[in-house]
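For reference, the structure discussed in these notes is given below.
The values are calculated or read from the model by the stated rules, or taken from the named source; none is laboratory data. None of these values were measured; they are calculated from a predicted model. Neighbour counts are summed over all protein chains in view; Cβ atoms, including those assigned to glycine, are modelled from backbone coordinates with ideal geometry. These accessible areas exclude ligands, DNA and RNA; they are computed on the full protein's heavy atoms, side chains included. Shrake-Rupley method; radii C 1.70, N 1.55, O 1.52, S 1.80 Å.
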Amino acid sequence: ASYVHGLLGLSGDTQILDISNACLGFINAVVLAGNMIESGQINRAMIVAGENGKPLVDRTVKILNQGHLSRKDIKPYFANLTIGAGAVAWSLVKSDLTSLDSPKLGTFSCETDTSFNHLCEGDADGDELVMQTDSEELLHAGISVAGRAWQKFLTSSKWKPDTPELICTHQVGKAHTQAVFDSLELDTEKNYSTFEILGNCGSASLPITYTMACEENPKLLTSRAVLLGIGSGLSSVMLSLN
C-alpha cells in the first residue's frame, strides 16, 4: 500500500493498509472498503492486488528436476504449475459520486472452515517460495465450504441460482469450475473464464476476471453478477454486483 501511495503522490490524508488472506484478499478489501464508505469514514478507496507466480514456479521446477521422485512425491507440487501473475486495481466510491452505468456492490456472504487449513500451505525458503497442496481433498473441501456460503448468499440476497447474468469464480481450472457449477446448480453458460490465458493469479484472479468480462461486454457492468471467491484456509466469500 505504501508503494502505491508513494507512486501516485497521494496526500497525507489518505490512509493505507495491506490486507492478506490467501486468494480472498482483494474481495475482503472490497467488503471492508464498502463498509467504511457506508459508515461515512471515507468517500473513496482504491484497492490494488498484484500476484507474481514466477518465484513459486521456478522453485517448483527446480524441485521436480531433482529427479528420483515418485508420483506421490510430485503430486503436492502439481498445483504450483498452474500459478500465474497479474495485477488489478478497482476504485470504490459513494454511490452519489459515480455514474449510473457503474456496478454497485450488493450482497455479501461468507463461510469459513479452518479444519482444512492443512490442505494448502505455503512458506518462504530464503528468496524462494514453496507451496504444497492436496488438490483432490482441497477440491472436495472447497466445494463443501462454497456450498454453505452459497446458501447464505441466496437467503440474504433473495436471489435464485438462475438470477445472476454473469458468474465469476476463483480461477483454478476446468475441473474445479465445473465441479463448483454442478454443486451449486449454476448455468455454465454464464461463466467467464480466464485461467486458460492467465492461470491462477491468486487474489487478483476474481477482480481481473470480472473486469475482463465487462471490457469484452460493457453491458455486464450493470447486469446482475456474482463473484464466487474461495481461499486456502478454507474460506469462501460471495459478493454480488448489481
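For this structure, a couple of remarks:
- Residue within the stretch 111-128 that is over 21 Å from residue 22 (Cα atoms) and in a loop (DSSP other than H, G, I, E, B) present: no
- Listed here are the strands (runs of 3 or more DSSP E) enclosed by the stretch 136-242 that have at least 2 residues being modelled with pLDDT under 95 and in contact with a Ser or Thr (Cβ under 9 Å, 6 or more places away or on another chain): 225-231.
- Sole exception among (1) β-branched (Val, Ile, Thr); (2) under 17 Å from residue 79 (Cα atoms); (3) touching a residue at least 24 places away in the same chain (Cβ under 8 Å) for residue 61, by number: (3)
- Within the stretch 7-53, being open to solvent by less than 40 Å² (accessible area, probe 1.4 Å), over 30 Å from residue 128 (Cα atoms) and of a type outside the set (Gly, Ala, Ser) holds for 31, 36, 37, 42.
- Residue match in the stretch 152-160 (condition: surrounded by 21 or more Cβ atoms within 10 Å (Cβ to Cβ) and in contact (Cβ under 8 Å) with a residue 40 or more places away in the chain): yes
- Among residues of the stretch 66-82, those that are free of Cβ contacts under 8 Å to residues at least 60 places away in the same chain, open to solvent by 60 Å² or more (accessible area, probe 1.4 Å), in a helix (DSSP H, G or I) and not aromatic (Phe, Trp, Tyr), counted: 5
- Selection count where residues are open to solvent by 20 Å² or more (accessible area, probe 1.4 Å) and under 25 Å from residue 57 (Cα atoms), scope the stretch 209-232: 3
- Residue selected from the stretch 83-110 under the condition of a type in the set (Val, Ile, Thr) and either assigned to a loop (DSSP other than H, G, I, E, B) or buried (at least 17 other Cβ atoms within 10 Å of the Cβ) (or both), by the criterion modelled with the lowest pLDDT: 98
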